[in-house]
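Heads up, the thing below is written out as structure tokens.
The values are calculated or read from the model by the stated rules, or taken from the named source; none is laboratory data. Here the structure is a predicted model, which means the values were calculated and not measured. Neighbour counts run over all protein chains shown; Cβ positions are idealised from the backbone, glycine included. Heavy atoms of the whole protein, side chains included, go into the accessibility calculation; ligands, DNA and RNA do not. Shrake-Rupley method; radii C 1.70, N 1.55, O 1.52, S 1.80 Å.
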Amino acid sequence: QVQLVESGGGLVQPGGSLRLSCAASGSIFSSLALGWYRQAPGKQREWVAGITSGGSTNYADSVKGRFTISRDNAKNTVYLQIDSLKPEDTAAYSCKANLGFQVYWGQGTQVTVSS
């Protein structure tokens with residue numbers, strides 16, 4: 001069983017930056033494929049970034065160049081660095097972990113971009 005806890009969200013002005021964290025329990029973190037998703041009010045949840053157990057990364061076209069996903073296996077944590085924030089980035093951000101066919105989700109952290 002893997003438990004995921006996100007943190008780092010908040011209210012930020014357009015153009016600002018945030019670093020979201022997702023801490024995982026358990027001893028299998030290094031084997032997990034990890035991803036960040038977001039869901040804006042009234043919209044479907046969308047995938048924004050992923051990182052494999054080997055460290056390969058992928059991004060949604062809408063966030064390329066502004067979002068950076070990384071992982072620290074020693075700290076059982078995956079990060080999402082978000083730069084040049086835009087109002088349309090406002091959403092609840094959640095992390096997801098995959099181990100084979102097993103899927104785990106965190107509760108999410110809210111990011112609000114507003115002046």
If I ask for residues that are under 17 Å from the mean Cα position of the chain (by Cα), in a loop (DSSP other than H, G, I, E, B) and either surrounded by 15 or more Cβ atoms within 10 Å (Cβ to Cβ) or among the charged types (D, E, K, R) (or both), which ones from the range 32-43 would you list?
Leu32
What number goes with the only condition from (1) in contact with a Ser or Thr (Cβ under 8 Å, 6 or more places away or on another chain); (2) surrounded by fewer than 13 Cβ atoms within 10 Å (Cβ to Cβ); (3) under 16 Å from Val2 (Cβ atoms) that Lys75 does not pass?
(1)
Could you pull out the residue among Thr57, Thr68 that is surrounded by 12 or more Cβ atoms within 10 Å (Cβ to Cβ), among the hydroxyl-bearing types (Ser, Thr, Tyr) and farther than 17 Å from Leu18 by Cα?
Thr57
Given (1) at pLDDT 95 or above; (2) closer than 20 Å to Ala24 by Cβ; (3) over 12 Å from the mean Cα position of the chain (by Cα), index of the condition Thr68 fails
(3)
Leading residue by the ranking (surrounded by the fewest Cβ atoms within 10 Å (Cβ to Cβ)) among those in the range 1-31 that are at pLDDT 95 or above and on the phi > 0 side of the Ramachandran plot
Gly15
Which residues, counting only those in the range 1-56, are touching a Cys at 6+ places or on another chain (Cβ under 7 Å) and over 15 Å from Ala92 (Cβ atoms)?
Leu34
So which pairs qualify, if the first residue must be in the range 54-69 and under 12 Å from Leu34 (Cβ atoms), the second must be open to solvent by less than 60 Å² (accessible area, probe 1.4 Å) and among the hydrophobic types (A, V, I, L, M, F, W, C), the Cβ gap must be under 6 Å, and the two must be at least 6 apart or on different chains?
Thr57/Ile51; Thr57/Ile69; Ile69/Ala49; Ile69/Ile51; Ile69/Leu80
Checking Ala49 against (1) open to solvent by 60 Å² or more (accessible area, probe 1.4 Å); (2) touching a residue at least 12 places away in the same chain (Cβ under 8 Å); (3) not in a helix (DSSP H, G or I), only one condition comes out false. Which one?
(1)
